Amino acid sequence: MKLTNDQKRLLLDNLIRVREVDQWFVDALLSGKLPLFYHSTQIQEAVGVGGCTFLEEGDSVYATHRGHGISKLIPRGVSIESIIAEHYGKLTGYCGGASGWHPCVPDKGFPMYTALISENLGLACGTAMAHKLDGKGRVVVSFEGDSSAAKAEFHEAINFAGANKLPMVIIIENNGMAQITPIETFLVNKDIANYAKGIGIPGVIVDGQDVIAVMEAVQEAVERARNGGGPTMIEAKTIRLRAHAEGVEDVSLNAPRVTDHEAWLRDKDPVKTFSAQLIAEGVVTQAEIGRMQQDVREEIAQAYEAVQAAPGIPDYAHLQNLLFAD
Amino acid sequence: MAEQVIIPKLGMFSSAVTLTEWKVAEGGRIEAGETVLDIEAEKTTFEMPAPASGILHILAPQGAEMDVNTVVGLIAASQEEYDSLCGGGAPASSPAAPAAPAAAAPGMASVSHDEGGRRFSTPLARRLAREAGIDLAGVAGSGPNGRIQKRDVERASRQGTPAAAAPAASARAPAAVPAAAASPVAAAARAQPQAAPASAPSTNGRAIRGTIPYKGMRRSIGENMMRSLAVNAPNTMMGEFDFSAMVRARELLVARAERLAARITYSDLVLHAAAQALRAAPLINSSLVGDEIVIWDDINIGMAVGLGPNGDEGLLVPVIRNADRLSLVEISRKAKELADKARAGKLTGQDMGGGTFTVSNFGSLGVSSFSTPIINPPEAGIVAIGRMAKKPIVRNDGIVIAPVLPYSLTHDHRIVDGAAAEHFLHAFKKSIESPSPEVAELILA
Amino acid sequence: MSGKKYTMLEVVNATLKEEMRRDDKVIYMGECIAGSAVGWASGVYEEFGANRVIETGLVENTMVAAGIGMAERGYRPIIDPMMADFLTPAYAAMTVAGRNRLMHGGKMQIPMVIFTTMGGYLGLGPEHSGTPETMVMHMPGLKLAVPSCVNDARGLLKSAIRDNNPVVYFLHRRLIGDKGFLSEDDSPIPFGVADIKREGTDITVVATGFQVSLCLSVAEKLAPHGISVEVIDPRTLVPLDIDTVIKSVKKTNRALVVDEDFITCGPGAEIAMQIMEHAFDWLDEPIKRIGGKGVVPATSADRFALPQPQEIADAITSLVGAERVSVDIASGARLFNY
């Protein structure tokens, strides 16, 4: 896919917006301001941004808990205010404050979400089946982490998707860590795309730090799906910068995880590398990047103020009424 | 001060009533004079009018058996008064109450708890006791571990266990002699603590085909019968009357039914004849009251009415007052009216009370000729008429076929001996075998 | 109700087709359904084709999860995993189905049906005889319909399919061969409305599924002994019409709950507790419950683990204080005489 300059700027803006929101959540939690947990997605943003920026309206996305889905929500136009409000249990959150963090925004293409790993693949198969029956060429992009590949639901769902030629793109964000356990301890295949090939659907590996590479691989898979070619798995190799969750010790098995923050932030940070690339291409200036950052920071600050004033969930009865539809 | 709804004493001998139906629910409004409660007293039903207007607070539940003169409900004049009745309520189980009279049944209290002194009762039993104003301390439990259950509370309220609540004095109705038989039974029940919980009766290996509850009218009749036999000295004389004249008279009377505005039956004729006979032989129209035999001036004849389509679903005996002063047509009309009321369950206390002699006609129902009818206390005699049948009899030294009416007269030998009974039977025979001038007049008119 | 008797199979089949014709968003999905292994769906694949009848393979979790996904997009899937026992791998998806709407602020509805057979008495053994009613009751957000007869099966199935929420519909396999009357009125039977299958005055018996038939047979045998049994069929365990049960207990003062599910924390436990909560002052006897013993052996030995008519009769006679009555009622297929 040949990108225009505007599209490139859009990709960069999305990366910056996601990074800023992520940092805000980290700071909020560490300063005791956030009433919930947070799982940072810093330096993994390219996978979500690359995968979602050029999807069409009507396409569906299933996110993961990494970054609470912001690298997918923000490129698809979900407001920062509704994201923060949800984390504060406010009625203005995109789930009315009931979930706290689930990346579920049906009218922006996020049909639902469960925190049960790999279960989302089954749900995604349903959404994809509906798209297939609708016959309007819509697709489902379903993100999963690496540990998902160990689970029964993973294999059952992907096989099901393949057997039924569902319009699905499964993107594995492989950052090598399953909470505090490195994936080598429990996965036979370190290259998760091999599982796809074993099941019988196309499996592609890309560099998850390269937003263009991710985007191109995803778009190709999306086209295949739209045209009835069935599902594809894209494994994006990436790195988890911070601990699994904020405030949790960053260990691997029983020892501190071996990390190289300095090198990663210098060489592997997609915001940094893509900014540098676009500046070199003359698509954007440092000043413009500065403005992008400033804009989103202001937006976040305003959002936070609005969230503080917003009403919270009044009582359980309010929720109980939501249990069943009429 | 809330008005009390008190069970009235109906008829001479009623002592306990069943509260068949509260006409207004708990907390509902009732106007003075409107029926507030239906009760069934032995064999009569009665619609109790509310003594005042207001809001009803029920103390005894529907279906309960309560003694006469018991307060079963209260009518509060205002909502506040009603609320205070329900909230504070009749302090049903205050153990301080035992200033209560006599048979406090102390023996029973020890049964319904374990060694630690705990009493067991079901939630339902507790609520019923509370509503009826009964202190559970005075109730023996028949459930496991002496658990007090609904049936125990109901039994207690029937027997008039002293309640802690103010006006619920449950004195037995003073009744004539027969009732005395009841009290030794009741006293005995109170004196003995019930040992084991009542369990289902043993079948001794016999399979059960079905069960019918022994209560209501059936029970009432049964207990009356037993009481009767317990107090009087019954002797039965049996015989047959030549019914030819009556049969002839009836044919002619039936032909005149429209003109008489009455359809005369054999039963009417027999009742009329009995009334004449009692006037001629008044000794049997009496009762033993204390140390005196009282010979009644009124001749009030009870006529037995079988209920149900086959006449076998219960028995009521309404009374034709002053039967000797009524014409045959009046007797006929009265008998029909009472029989209809009996079958419709609409007999009043007035209809039932004051009998001095009873005539029972089972002839139309069965195949029997003779029986040993049981006296209706405190009467001195009862005659039962059997099935009329054609039989060969001797007349003028010849054998003829004639309609024959069998009779069985039971008399209370304490009051009336055989000779006096025969005296009555002579008069009765005469009235039947040679109908009175009155009847003749009716026929000729 | 009178007239012709219909078999459960033909009624369910006719109802499925009727609903699929009525609304083309209704999709029938599951394992071994194109050829209709159980028989409910015979002719359905032929009539509606592969776009409306989807053969999924033995993927219970994915079929339920996919059902959720499709329902959110406006389809009305009926998921058939063949047996309630096979649902265990799908519990993750079922819990998600139940809580999905509430935890996402009511932003979507999930109109799907999990439709399958349940129950024992056919000697099929420990993993083909399950009655996991409580499992479903214990997942908030799932409704549960448990018909006991042909007429109710029809009306409840229609309601299940037309409900905009996830509904689990368990049809007892012992009733598959059942024949029953159908009422003139074929409208959907509303959920949360219990049915008094037999009126009585001495004791309230609450039962579900096949247990209703057993309790009715027992009640008939006890009637000549003067014991009047009221049998209540809740028809749906979620929502549960406890009001009808309470009204009955206030009349009879005694209660027995009979269910086939494992008795520990079974539906009987929930119903009995609710009776105690609402009708404490009307109870003249402790509430009794009869339930399954848990693991059900195969062949005729399943009778040891499942409620038996004599057990039900004994519970009733002991509660009403009557002599034991021997009832000769068959409960299951007698495969062997031991």
(request) Using a 10 Å cut-off on Cβ to Cβ distances, tally the other chain neighbours for every residue of C:221-233 and report the average as a whole number. (result) 1
(message) Quick query: amide H of residue C:178 versus all other amide H atoms, modeled in the peptide plane; which residues come in under 5 Å with a sequence gap of 5 or more or a different chain?
(response) C:8
(request) Enter the mean projected area of the convex hull around the alpha-carbon atoms of the stretch A:1-149, in nm², rounded to one decimal. (result) 9.3
(message) Within a 10 angstrom radius of the beta carbon, how do C:221, B:150, B:346, B:23 rank from fewest other beta carbons to most?
(response) B:346, B:23, C:221, B:150
(message) Using a 10 Å cut-off around each Cβ of peptide A:111-120, what is the average number of partner chain Cβ atoms that fall inside?
(response) 5
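Counting only DSSP beta bridges with both residues in the protein assembly as shown, what percent are antiparallel, rounded to the nearest 5?
Numbers: 69 of 129 bridges.
Rounded to the nearest five, the antiparallel share is 55 percent.
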(request) List, in the order given, every pair from C:5/C:288; A:8/A:72; B:390/B:430; A:2/A:190; C:179/C:250 whose Cα-Cα distance in the structure shown is over 26 Å. (result) C:5/C:288; A:2/A:190; C:179/C:250
(message) Using +1 at the C-beta of Lys and Arg and -1 at the C-beta of Asp and Glu, which of C:245, A:285, A:199 has the Cα lying farthest in the positive direction of the dipole of the protein assembly as shown?
(response) C:245
(request) Show the residues, 5+ positions off or on another chain, whose built amide H is closer than 5 Å to the amide H of residue B:404. (result) B:243, B:389, B:390, B:391
(request) Assuming 0.692 mPa s and 37 °C, estimate D for chain C with Stokes-Einstein, Rh taken as the Kirkwood radius over Cα pairs, in µm²/s. (result) 161
(message) As a footprinting exposure proxy, order C:331, B:157, B:244 by other Cβ within 10 Å, with the fewest listed first.
(response) B:244, C:331, B:157
(request) Using a/c under 1.5 as the rounded threshold, could you call the stretch C:1-128 rounded, prolate or oblate? The axes a ≥ b ≥ c are square roots of the C-alpha gyration tensor eigenvalues, and prolate needs a/b larger than b/c, oblate otherwise. (result) oblate
(message) Considering the Cα positions of the stretch C:127-199, please state its Rg to one decimal place and its Dmax as a whole number of Å.
(response) 12.9, 38
(request) Could you line up B:305, C:295, A:251 from fewest to most neighbouring Cβ atoms inside 10 Å? (result) C:295, A:251, B:305
(request) Between A:135, A:50, A:208, find the one with the highest GNM mean-square fluctuation for chain A; connect C-alpha pairs within less than 10 Å. (result) A:135
(message) In whole Hz and in residue order, list the ³J(HN,Hα) couplings for the stretch B:148-153 that follow from phi through the Karplus curve 6.51 cos²θ - 1.76 cosθ + 1.60, θ = phi - 60°; x for Gly and Pro.
(response) 7, 10, 3, 4, 6, 5
(request) Under 23 Å Cα to Cα from residue B:336, which lysines show up? Leave out anything in the same chain fewer than 8 places away. (result) B:43, B:346
(request) On a 0 to 90° scale, report how tilted helix C:91-103 is relative to the longest principal axis of chain C, with both axes built from alpha carbons and the result rounded to the nearest 10. (result) 80
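Give the shape of the stretch A:5-312 as rounded, prolate or oblate, defined through the alpha-carbon gyration tensor: a ≥ b ≥ c are the square roots of its eigenvalues, a/c under 1.5 means rounded, and otherwise the shape is prolate if a/b is larger than b/c and oblate if not.
On the way: a/c = 1.31, a/b = 1.26, b/c = 1.04.
Here the stretch A:5-312 falls in the rounded category.
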(message) P(r) for the stretch C:195-320, please, calculated from all Cα pair distances in 10 Å bins and given in %.
(response) 14, 49, 31, 6, 0
(message) Based on the alpha-carbon set only, what is the convex hull volume of the protein assembly as shown divided per residue, in Å³?
(response) 262
(request) Using θ = phi - 60° and the Karplus relation 6.51 cos²θ - 1.76 cosθ + 1.60, list the HN-Hα couplings for the stretch A:182-196 in order, rounded to whole Hz, with x at every Gly or Pro. (result) x, 5, 4, 5, 10, 10, 6, 9, 6, 8, 5, 4, 4, 4, 4
(message) Take the residue pairs C:107/C:158; C:197/C:251; A:90/C:107 and return only those whose Cα atoms are more than 19 Å apart.
(response) C:107/C:158
(request) Using amide H atoms built 1.01 Å from N in the peptide plane, name the residues 5+ places from residue B:36, or on other chains, whose amide H lies under 5 Å from its own. (result) B:48, B:50
(request) May I ask you to list the lysines whose Cα is less than 17 Å away from that of residue A:132, ignoring any residue fewer than eight positions away on the same chain? (result) A:165, C:25
(request) Go ahead and estimate [θ] at 222 nm for chain C from helices alone: -39,500 (n - 2.57) per DSSP H run with n ≥ 4, summed, over the residue count, rounded to 500. (result) -10000 deg cm²/dmol
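Each reported figure results from applying straightforward, stated rules to the coordinates on display, with no laboratory input. In this text, all values refer to a predicted model and were calculated from it rather than measured experimentally. Counting neighbours? That spans all protein chains shown, and the Cβs are built from the backbone with ideal geometry, glycine included.
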